[in-house]
Amino acid sequence: MKKVISGLKKKFGKAITGTIEFRGENTLLVKKDKTKELLKHCRDELGFDYLLDVSSVDYLGSEPRFEMVYELCRLAAGEHLRIKCMVAEDEEVDTVSDLWPTANWHEREVYDMMGIKFDGHPDLTRILMWEGYPYFPLRKDFPLAGKPSEMPDVAFTEAAPLAGGPFVTCATDKSSVHREPRSQEV
């Protein structure tokens, strides 16, 4: 993988703003305007034939606010490469659904949950929330208790309860079996 990283640094130069190696995983930090070009190069020239995931991180209070994360894999070699780029709140990111068709769903989820738009995406519509939902639930400024909804029969009509809810674990130093509320009979 060191050869791949050094080759990418040589080809893309200052577009690569940093590299991270941690526990055998390699990450490249790339300028947003060169990310798609680098991803295409990874697919076409380096054989990264599988896009594992496209996700995002919200760094509320920082500018740029968001980070896009692309997880690539060379199946035959069993190698993994992570590509990251920073995105301002009002910027769009180039779609990679034309490079890897599976990105279509991943990008729709990022749009639905974080509000990041993808330029050139063939169908950038919500995938989990209903059309017209005015919020982006995975942003850090979205309240943990949720927001009231005026939509009858869709999710909750009031803020979702946290205490004892089906997806909320209890803080403890015990195993996950003890933290899971559904495992505790009342």
I need the peptides 9-17, 108-116, 84-92 ranked by packing, meaning the mean over residues of other C-beta atoms within 10 angstrom, with the highest value on top. 108-116, 84-92, 9-17
Would you mind counting up the charge near K40? Only other residues with Cβ under 11 Å from its Cβ, with Lys and Arg at +1 and Asp and Glu at -1. -2
Where the centre of each part is set by its Cα atoms, how far does region 67-109 sit from region 25-40, in angstrom? 9
With +1 on the Cβ of every Lys and Arg and -1 on the Cβ of every Asp and Glu, and nothing else charged, how large is the dipole of region 72-120 about its Cα centre, in debye rounded to the nearest 20? 360
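The numbers here are math on the coordinates, done by the rules we state, and not lab data. Quick caveat: nothing in here was measured; it's all calculated off a predicted structure. Cβ coordinates were reconstructed from backbone atoms using ideal geometry, including for glycine residues, and neighbour counts include every protein chain displayed.
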